[in-house]
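Since the structure comes first, as structure tokens, the remarks are kept for the end.
Read-outs: derived from the displayed coordinates by stated rules, not from any lab. This structure is a prediction, so every number in the text was calculated from the model and none was measured. Cβ sites come from the backbone with ideal geometry, for glycine too, and all protein chains shown count toward neighbours.
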Ligand code: SAH
Ligand code: SF4
């Protein structure tokens, strides 16, 4: 989502500025930030600190902090980092053009952290696809902003505001423009895509939106994230099973395997309900890949609660998980819970979780060997430019040898020959579509 917001800022500024990879050449530096966990928030201060000296040498340089940490800290950032000129929150950055004009006149720090529940994000069409790479074949498209769920550990509803769905016509137009520029796969983004449109009159539901997007000619693959298990519907399962453009991958964050902890997290589902949805999904789409987010060491999580999370890994058999040690976030309800899990214990649980998942991932990856899979070629492999890279419909990275290296954007068949820890290796067989 942040990557997508950064692209939007780039589009907004592309008439006045051009990108540079060297900060020494920059007239404007914007640091787009994340505050979902403690660690990325801390990184912001060291990142911004790197530009202090640059600003001293070049006083006309404009430095701005944007995104969630800007939203969270507002004025405090100017107090703590007096060489910062702009603090623009998660809605504020959309006004960057006017704000820069105002700044150039007054030369005084500007803080814009208003959050309006009826905010309408403008439709921004990319002239160039991304900052430096003009020939991207995959792209993110935000379909909704904010969140109304208030999971007790989570800062998102406070820094991104109430849930707002974008009009379907804007979403379709944005994707059509991307496809014209060569994009073949889009990932629709929202904190809870399953509640898309529900607050608006006459908006399609999420499964209906998927079917509308899939009508776009030249678009081959559709992904979406994130799914909230409480709103993950039978209708969506049926849509995944029947619409061939939808990738066979679902990110369905469990967060924790104990009903006690799920309740304290305010997730609004039990592990039994979660498993029931997973079973239905596997039955309707037998080769589906499921991935998840897991938090270890939520306040009051006992060893026994954690064992239940481990047990869920075995039952669901995720392709992959993204796991995090719980960290206190400002404004959240969990911050005030008393019985915090010690850091060493969180560390231990995280390690155990990784080990357990690594075994499962490896077994699943091994089962791909000798299979023929469809890959959308994203470009040369980052580690070996003589190989190509892309992903399966199940979102597994595949690097492969190919007689032709100029087939970025093609859909090809690849035979899997080897399974690594984080990716697969294969051999090119044939082009399916180009
Ligand atoms: N809307 C998504 C999650 C967005 S935040 C959903 O509901 O699934 C991304 C992930 O960060 C979450 O899934 C959670 O696993 C993690 N996370 C959020 N707050 C956290 C905190 N305080 N400590 C540790 N991890 C956290
Ligand atoms: Fe955060 Fe929960 Fe909303 Fe996801 S659904 S963004 S975890 S509050």
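Across the stretch 142-262, counting alpha-carbon atoms alone, Rg and Dmax equal 14.9, 49 Å. Of the beta bridges DSSP finds with both residues in the stretch 327-434, what % are antiparallel, to the nearest 5? So the antiparallel bridges in the stretch 327-434 amount to around 85 percent.
How would you classify the stretch 88-217 from its alpha-carbon gyration tensor, with a ≥ b ≥ c the square roots of the eigenvalues: rounded for a/c under 1.5, else prolate if a/b is greater than b/c, otherwise oblate? Oblate. Compute the FRET efficiency between residue 98 and residue 243 as 1/(1 + (r/R0)^6), taking r as their Cβ-Cβ distance and R0 = 35 Å, and round to the nearest 0.05. It comes out at approximately 0.25.
Percentage of Cα-Cα pair distances in the stretch 152-194 greater than 13 Å, rounded to whole percent?
Here the long-distance tail beyond 13 Å is 66 percent of all Cα pairs in the stretch 152-194.
Be a star and scan the stretch 54-77 for residues whose amide nitrogen sits under 13 Å from the point 7 Å along the Cα-to-Cβ vector of residue 127. From the stretch 54-77, the list is empty.
Over the residues of the chain, the helix contribution to mean residue ellipticity at 222 nm works out to -10000 deg cm²/dmol, using -39500 (n - 2.57) for each DSSP H run of at least 4. One chain, two ends: residue 4 and residue 370. Fully extended at 0.36 nm per residue, the span grows by 128.2 nm beyond their Cα-Cα distance. The fraction of Cα-Cα pairs per 10 angstrom bin, counted from 0 for the stretch 363-427, comes to 25, 61, 15, 0 percent, rounded to whole percents. As a length-normalised measure over Cα pairs under 8 Å and 6 or more apart, the relative contact order of the chain settles at 10 percent.
Per the Kirkwood treatment, what hydrodynamic radius in Å, one decimal, follows for the stretch 97-171 from the mean inverse distance over all distinct Cα pairs? That comes to 15.6 Å for the stretch 97-171. A convex hull fitted around the alpha carbon atoms of the stretch 1-104 yields 100 Å³ per residue. Look at the Cα gyration tensor of the stretch 47-159: its axes a ≥ b ≥ c give a/c of at least 1.5 with a/b at or below b/c, and that counts as oblate. Label-to-label distance, residue 417 versus residue 333, with points set 7 angstrom from Cα along the beta-carbon direction: 5.5 nm.
Potential lengthening of the chain between residue 293 and residue 173 amounts to 40.1 nm, from the contour at 0.36 nm per residue minus the alpha-carbon distance. Once the Cβ-Cβ distance of residue 322 and residue 344 is raised to the sixth power relative to R0 = 25 Å, the FRET efficiency obtained is 0.70. In the chain, the DSSP beta bridges split such that about 40 percent are antiparallel, to the nearest 5. Looking at the stretch 208-324, the DSSP beta bridges with both ends there are about 0 percent antiparallel.
Rounded, prolate or oblate, given the Cα gyration tensor of the stretch 231-377, with a/c below 1.5 counting as rounded? Prolate shape, in that a/c is at least 1.5 and a/b is the bigger ratio.
Extension gain for residue 47-residue 279 works out to 79.1 nm (0.36 nm per residue, less the C-alpha to C-alpha distance). Placing R0 at 45 angstrom, the Cβ-Cβ distance between residue 25 and residue 272 gives a FRET efficiency of 0.20 after rounding to 0.05. Dimensions of the chain from C-alpha coordinates, computed as largest minus smallest value along each principal axis and given longest first, are 63, 57, 47 Å.
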